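J.: Below are the structure tokens for one structure; questions will follow.
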Amino acid sequence: MTINVGDRIPSQTIALAGPNGAQPVSTDAFFGGKTVALFAVPGAFTPTCSARHLPGFKDKAADLKAKGVDAIACLSVNDAFVMHAWAEAQGTGEDIAMIADGNGDFSRALGLLVDASGFNMGQRSRRYSMLVKDGVVEQLNMEQPGEFNVSSAEHLLGQL
């Protein structure tokens, strides 16, 4: 079942990517008591993700925070070392938390894991953005496969 607006983020352990690999944190702690702009990409270092999706959230980080967003997070079904290297390559600094969903467990729990085997990518997350307030989904912007429109930072910013 796919997560919807009004649903609570499932309680799980997620991995934040850092210089020493995965840093486990519970979703209850990460999303609880704050407003989080979460966006997911099919893969780190992939064309649209690297040229438009992640850079858009980096460029709009101050605007999102000025509108009440406490944290911005990027999720991909990649390991923590890849996510950390991508964050360094993109210069995200402290602006964006990188969630490494290496096995796709969190994406699966959200109902947003897809089979991208036809593109030699295995199981991946759908491309989306969501606004989560105190663990509850307030906005959910799901892209159609191959598109990049409603999951952008600009679109999410317009919803605040």
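J.: How many residues does segment 70-92 hold that are outside any strand (DSSP E or B), touching a Ser or Thr at 6+ places or on another chain (Cβ under 7 Å) and surrounded by 22 or more Cβ atoms within 10 Å (Cβ to Cβ)?
T.: So the answer is 2.
J.: Same structure again: In segment 41-66, what residues are at pLDDT 95 or above and not charged (D, E, K, R)?
T.: Result: F57, A61, A62, L64, A66.
J.: Report the residue count in segment 28-54 for those that are more than 13 Å from the chain's Cα centre (by Cα) and within 23 Å of A15 (Cβ to Cβ).
T.: Summing the residues that are more than 13 Å from the chain's Cα centre (by Cα) and within 23 Å of A15 (Cβ to Cβ) in segment 28-54 gives 9.
J.: Within segment 84-111, which residues are within 18 Å of F57 (Cβ to Cβ) and touching a Gly at 6+ places or on another chain (Cβ under 9 Å)?
T.: Within segment 84-111, H84, A87, M98, A100 qualify.
J.: Looking at segment 129-146, I want the residues that are without any contact (Cβ under 8 Å) to a residue 40 or more places away in the chain and farther than 18 Å from Q12 by Cβ and have a partner that is surrounded by 19 or more Cβ atoms within 10 Å (Cβ to Cβ) and among the small types (G, A, S) with Cβ atoms under 7 Å, at least 6 apart or on another chain. Which pairs are those?
T.: N141/S129; N141/S151; E143/S151
J.: Are any of the residues in segment 93-110 closer than 17 Å to N141 by Cβ and either part of a helix (DSSP H, G or I) or basic (K, R) (or both)?
T.: yes
J.: Check P24, P55 and return the single one that is without any contact (Cβ under 8 Å) to a residue 60 or more places away in the chain, over 15 Å from I96 (Cα atoms), outside any loop (DSSP other than H, G, I, E, B) and of a type outside the set (A, V, I, L, M).
T.: Of P24, P55, the one residue that is without any contact (Cβ under 8 Å) to a residue 60 or more places away in the chain, over 15 Å from I96 (Cα atoms), outside any loop (DSSP other than H, G, I, E, B) and of a type outside the set (A, V, I, L, M) is P24.
The values are calculated or read from the model by the stated rules, or taken from the named source; none is laboratory data. Fair warning: this is a prediction, and the values are worked out from it, not measured in the lab. Reconstructed Cβ throughout: ideal geometry from the backbone, glycine too, with neighbour counts over all protein chains shown.
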